[in-house]
Amino acid sequence: METSKSQIAYERIKDILSTLSTFEIIGVVGALNSSISKGHWIKVTLFDKKKLGSKILQNNELHDFILSMDLFQITQKDVRLACIKQFGVDKVPCRSSFSRAWKTLLLEKQSRGEHEEK
């Protein structure tokens, strides 16, 4: 470990994992490794836990598809309809859930620097 921050994290994780069986530890570490290598770890840490239930945040493909659109020039309804066409109605959240996630999506899009004032 190079930094004391890394060392502290290692010790905390080791303490937590010590309560599990060897089989469970292998499963947890494997799942973490898989999430980190796929880039899922970063997205999970950007949002509050209460927002993690959203179908948009659970499905990276749907999330990325939405962010690929010009959210500042298109309506929520049109974005939702495009998502339904692309992924099917079962994988797209209901209208009210979509509306709740809209502000977060706009802020994320803006933070990526993809919004230009016209």
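Coordinate-derived values only; no laboratory data. Predicted, not measured: the structure shown is a model, and the values here were computed from it. Here the Cβ positions follow ideal geometry from the backbone for every residue, glycine too, while neighbour counts run over all protein chains shown.
Arrange the following residues from fewest to most other Cβ atoms within 10 Å of their Cβ: Cys83, Cys94.
Cys94, Cys83
Local charge sum around Val89 (other residues, Cβ-Cβ under 12 Å, Lys/Arg +1, Asp/Glu -1)?
For residues surrounding Val89, the net value is +4.
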